[in-house]
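The values are calculated or read from the model by the stated rules, or taken from the named source; none is laboratory data. Treat the numbers as computed from the prediction; the structure is a model and nothing was measured. Quick reminder, even Gly has a Cβ in these numbers, built from the backbone with ideal geometry, and neighbours come from all protein chains shown. Remember, those area values only see protein heavy atoms, side chains included, never the ligands or the DNA or RNA. Shrake-Rupley method; radii C 1.70, N 1.55, O 1.52, S 1.80 Å.
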Amino acid sequence: MLRRTLCLASLTALATACGGSPPTQEEIDEARDKAEVALGVANQARSALELLGLLPVYTCGEDRRTFVGKAVESAQAKVGCVTASAEALDATTDAVILSFPQGGCEVSKRTVSGQTAFRYSGGKDRMELKADLRQLKVDGSSLQAEVGYGTCGDESRYFVLAEGPLPKKPEYTFRVDGQVGKRDGVPIFGSTSLVLNGPGEVTGPNGTGRLTLTELEYEIGEYAPKEGEVLLETADDHTVKAAFKTTLWRLGKMELTIDDREPVTVPIVR
């Protein structure tokens, strides 16, 4: 009897170590709602970076105004319904102005309207780009983000800062400080995908939770990432991890892990 009891205890400990008991359907539904909120936050950052990708990355050593002229031509060639123009703001800054039709313009499977300015400051040794995209709407919702990069010199950094009420879920506000991941052999912009990392937070009816985006790889124009992980640490000291894998992405699904419970596979709801 003692041996049987020890064996059962060992099996219980092993099950706990391997992921614990399965979550209930109520827990799954609640966790999926939280994961969808986190995915909506990541989508704001992803949408902003895709718009940054409409323009070529500055080539070190090139004259700034010459590059800006080429950037205008490139944007118009990529998106026929956008109006692009160059403007000299001062001795050290030039801008590319992108204007989208009031009725909307299709960009990477999304409908974009409004106007924004991409401001290039610096010169051949160091170039900084910043763009405030808050005057743009994507699929009818305001895009609450700034994007940019610093390149040439000692360091290159590509960023997106997004914050504000979450579209379609105004009871939540968010902030994410994202960076574009770099992978060998894959251009940062100009390819068919991008990789997003960064910390953030989400505030809702139950308080503020911490958000971590890790190696989220997006195909351009797609809502959900095909690889990577989103971790949400809730205000009531629970964790919800959404893991994305190419095999599940093709089926429109993600893997959810609640605290140390067994992972479950659930559909992604846009």
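Let me confirm something: among Ala91, Ala86, which residue is open to solvent by 40 Å² or more (accessible area, probe 1.4 Å), over 24 Å from Leu194 (Cβ atoms) and in contact with a helix residue (DSSP H, G or I) (Cβ under 8 Å, 6 or more places away or on another chain)? Break it down stepwise before answering.
Details: Ala91 fails: in contact with a helix residue (DSSP H, G or I) (Cβ under 8 Å, 6 or more places away or on another chain).
Step by step, each of Ala91, Ala86 is checked, and only Ala86 is open to solvent by 40 Å² or more (accessible area, probe 1.4 Å), over 24 Å from Leu194 (Cβ atoms) and in contact with a helix residue (DSSP H, G or I) (Cβ under 8 Å, 6 or more places away or on another chain).
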*Conditions: (1) among the charged types (D, E, K, R); (2) over 16 Å from the mean Cα position of the chain (by Cα); (3) closer than 30 Å to Val41 by Cβ. Asp90 meets all but one. Number of the miss?*
(3)
_Filter pass, Val269 being out of contact with any Pro (no Cβ under 6 Å at 6 or more places or on another chain), crowded, with 16+ Cβ neighbours inside 10 Å and β-branched (Val, Ile, Thr)_ = no
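Residue by residue, here is whether (1) farther than 16 Å from Asp125 by Cα; (2) among the hydrophobic types (A, V, I, L, M, F, W, C); (3) modelled with pLDDT of 95 or more holds:
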| site | (1), (2), (3) |
| --- | --- |
| Val57 | no, yes, no |
| Asp63 | no, no, no |
| Ser74 | yes, no, no |
| Thr93 | no, no, yes |
*asked:* Restricting to region 37-71, give me the number of residues that are out of contact with any Leu (no Cβ under 9 Å at 6 or more places or on another chain) and assigned to a helix (DSSP H, G or I).
replied: 9
*Go through (1) at pLDDT 90 or above; (2) in a loop (DSSP other than H, G, I, E, B); (3) exposed (fewer than 13 other Cβ atoms within 10 Å of the Cβ) and name the single condition Asp29 misses.*
(2)
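Taking the criterion of being of a type in the set (Gly, Ala, Ser), at pLDDT 95 or above and over 21 Å from Ala42 (Cα atoms), would at least one residue in region 108-118 satisfy it? Quick ask: steps written out before the conclusion?
Pass one, region 108-118, residues of a type in the set (Gly, Ala, Ser): 108, 113-114, 117.
Next cut, at pLDDT 95 or above only: 113-114, 117.
Next, from what is left, pick out any that are over 21 Å from Ala42 (Cα atoms): 114, 117.
The answer is yes; a qualifying residue exists.
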*asked:* I'm trying to understand the selection: among the residues of region 117-140, which are part of a strand (DSSP E or B) and touching a residue at least 24 places away in the same chain (Cβ under 8 Å)?
replied: Ala117, Phe118, Arg119, Tyr120, Ser121, Gly122, Met127, Leu129, Ala131, Leu136, Lys137, Val138
*Matching residues in region 102-125 - criterion: being open to solvent by 50 Å² or more (accessible area, probe 1.4 Å) and touching a Ser or Thr at 6+ places or on another chain (Cβ under 8 Å)*: Gln102, Gly103, Gln115, Arg119
_All but one of (1) touching a Gly at 6+ places or on another chain (Cβ under 7 Å); (2) open to solvent by 30 Å² or more (accessible area, probe 1.4 Å); (3) of a type outside the set (Lys, Arg); (4) in contact (Cβ under 8 Å) with a residue 60 or more places away in the chain hold for Asp177; state the number of the condition that does not hold._
(4)
*Search result, residues across region 142-159 that are farther than 19 Å from Ala95 by Cβ and either among the acidic types (Asp, Glu) or modelled with pLDDT of 90 or more (or both)*: Ser142, Gln144, Asp154, Glu155
